1. Going by amide H atoms built from the backbone, whose H comes under 5 Å of the H on Val612, apart from near neighbours?
2. Please label the shape of the range 422-516 as rounded, prolate or oblate, based on the square roots a ≥ b ≥ c of the eigenvalues of the alpha-carbon gyration tensor (a/c under 1.5 means rounded; beyond that, a/b larger than b/c means prolate, else oblate).
3. Would you please give the residues with an amide H less than 5 Å from that of Val454, counting only those at least 5 places away or on a separate chain, with H modeled from the backbone geometry?
4. Across the range 48-54, in residue order, what do the Karplus-derived ³J(HN,Hα) couplings come to in whole Hz, using 6.51 cos²θ - 1.76 cosθ + 1.60 with θ = phi - 60° and x for Gly and Pro?
5. Taking the Cα centre of each part, how many Å lie between the range 590-610 and the range 456-516?
6. Please list, in order along the range 509-523, the HN-Hα scalar couplings obtained from phi with the Karplus expression 6.51 cos²θ - 1.76 cosθ + 1.60 (θ = phi - 60°), rounded to whole Hz, x for Gly and Pro.
7. Quick check on my link table: of Lys690/Lys752; Lys315/Lys678; Lys465/Lys607; Lys315/Lys338, which ones sit more than 20 Å apart, alpha carbon to alpha carbon?
8. How large is ³J(HN,Hα) for each residue in the range 313-328, as worked out from phi by the Karplus curve 6.51 cos²θ - 1.76 cosθ + 1.60 (θ = phi - 60°), to whole Hz, x for Gly and Pro?
Amino acid sequence: MADDLVSLSVPVLGLHCAACVARVEKAVASVPGVERAAVNLATERLTVLYRAKETSPERIAEAVEAAGYRLVLSQQHVAQETVAEQARAQEARLLRLKFSVALAVGVVLLLMMLIPESWIGMRWQRVIMLVLSTPVQFWAGSQFYLGAWRALRRGTSDMNTLVAVGTSVAYLYSAAVTLFPESIADVAGAGFEATVYYDSAVIIVGLVLLGRYLEARAKGKTSAALRRLVGLQPRTARVLREGGNGSGAPAERTGASDRSIVEGTEIEVAVEEVRVGDVVIVRPGERIPVDGVVLQGRSAVDESMLTGEPLPVEKGPGDRVIGGTVNMTGSFRFKATKVGRDTVLAQIVRVVEEAQGSKAPVQRLADRVAGVFVPVILGIGVVAFLVWAFLGPEPRFTVAMLVFISVVVVACPCAMGLATPTAIVVGVGRAAELGVLIRSGEALEQAQKLDLVVFDKTGTLTEGKPQVTDVVVSSRARSPFEESPLSENELLRLAASAERVSEHPLGEAIVQAAKARGVSFLRATDFLALPGRGVQAVVHRAARPRLRPGRAANSAQAKVELETSAESETGDSAVTVVLGNRRLVEERGLSLGDLEIAAQALAEQGKTCIFVVVGAEVAGVVAVADVLRPEASKAVQELRAMGLGVSMISGDTRQTAEAIARQSGIQAVLAEVLPQHKAEVVKELQKSGKRVAMVGDGINDAPALAQADVGMAMGTGTDIAMETADITLARGDLMLVPAAIRLSRATMRVVKQNLAWAFGYNLALVPIAAGVLYPAFGLLLDPVYAALAMALSSVSVVSNSLRLRRARVAHG
């Protein structure tokens, strides 16, 4: 890349469809010095590569404005997004005001048509209707005129052209009848009644604006996920610098000395100022600012935002930490290895943005046909006018004009404009009632074409939190306090009493299991955490743990501070209880005995085994796992019954992933997939010709959700996943996945029926309006009946769409 090439990425306002994208790209590409221009419709951003010596952002902005759109230029990304969001919100408010006024006026005009003309006189009635409809036509409908003019300047036409022409003809003819009634009456003759069509023009404007408003609302949230992702990174970081002014080099860089105690002055800097090699200090509860390697200290780090796995990961010297993740318990120092755009979080942001931009925008059939339909209709109208003006009966000019009006009015795009939006509005409303939140019509269109549904494992197919599934006691284990064999509840009592001191999620799972069984706790002292291995505590026979009154349970010390009850005996017996993994058991040279087979079987089921050592013997094993959601297997079964393939993707081990897959009835398993590679896996599936839906809940799923043809997020998951996805399952119920796809299929069937009806209606009535029946039957279509036919076509489309309110999408 040449040294003077500069990349610019800025918000662009006013985009509505693929035609808008093409116009902006063409306008920017024509600026001298621009190498490449691309518009991301999903994020409404323009990315330009240009030569700084030949052009500037200001000149690019001028070209965009000349095309009818607006760039938001600012040196700060946050300021850009703020201005863009404010502009989009203002546009949505204006659209809402316009369609509300237009529809309200339309209702008034319809009521006035029912009032006997003798009450206020025909002339005054029409004058009042003219006064009411004029602001709607030229204020509310101004954007259609502007859009039609822009299209005309480029030699094309679109839905703006149809709306502008249809409403203008109806309005202008009505205005002529109102302002020049005598002239119209003189030339009308031949049995034609000079009728006004103000209500048709106004209602068309209102309904199309309503569709634009709903579309703007759906599109306005696409960039929220990216902003939230960026917000996960802390704004500041504490680093060690020589001299303490932030200008010196880091105290230590590389080599064996990285693990030694690092010297230097602790200062706080903006995260953008952290450099590779800086030593960064992280305290409990803080987010890690950048990627790096631990130099000193130990802690547990919650990486669920990136990995999706619920268990915190133990970190010590030499271990890798990721920016944006949360430090849980300890304090440590690490060396920054990746900063700025190179961090894992920044890479995920880029992947989400690219995946969103790679989606083709919805290609609405009405928009595609409009480019041909409009000039054809206008051509038919002009030809009909000329034929009747020269060959028609007297008064020829009036008959020719009314034929032209009939052609244009009957072909008005009201039904075509309503065909897709009404079905989508009703379909999305019905989905919301079922707990399925659909972000756009594109999601509905894509969902009915799916071939394959890919489920994330943790938090999607599973509950997303560890639970005790099995308690196995060794046949040789005996109670330390009673002369009897050790029971399951007694083993769980000893384990939970020791783990109650711990803040680890596995320990919390054991404590919750004991509570669920109604097992009481014993007093525990001398708690010791064994990093990477387990915990140890001394459990006493009779005393029960109590929090001292007034102490908040927000720390390990407060949680486990215990008092001996008044009933406790001095010198009460106690036993050392150790809970740990297989490594701890092996390091202490302990034998598993008859627990070996059970532990192996539990591990093969994808469960985590926690061995309970009482005294000097392994007394039992507690199995903990992230359990399958109860409805998962039924949801998979229904998807297969619908003819869809089902796969599972997970960052977990193959053994654990396959165990969950077997339970849910899924045969295709993609295991040990790194977070940043999930989107690549989805992309490969798409390259094989499949239309893919991705169902997930974590931040690590966001790129894959964006890459998929349809992304579905669990409503119980993270905000990032839900905002990136096309569809959110509000209740976190997997049965909503097949329900959403069934509703999509039903909605798109209605859309196709509506479009077929709207186009068929127009194609059948346009020749009649042009007068093809006159030679044989002496029939001409009066504009009144043309307007009625147009209204009936709209009513038919809306009525057909309303059937979706009763759509059955549940199985059976």
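Readers should treat all values here as calculations from the given coordinates under stated rules, not as data from a laboratory. Fair warning: this is a prediction, and the values are worked out from it, not measured in the lab. Every residue, glycine as well, gets a Cβ built from its backbone with ideal geometry; the counts of neighbours run over all protein chains shown.
1. Ala619, Gly620, Val621, Val622
2. Prolate, since a/c reaches 1.5 and a/b exceeds b/c.
3. Long-range HN contacts for Val454: Ser647, Ala693, Met694, Val695.
4. So the J values, rounded to whole Hz, are 10, 10, 9, 8, 4, 6, 10.
5. What the calculation gives is 14 Å, centre to centre.
6. Each residue's phi maps through the Karplus curve to give 5, 5, 4, 5, 5, 5, 4, 5, 8, x, 7, 7, 9, 9, 6 Hz.
7. Lys690/Lys752; Lys315/Lys678
8. 9, 5, 10, x, x, x, 7, 8, 10, 10, x, x, 7, 10, 6, 8
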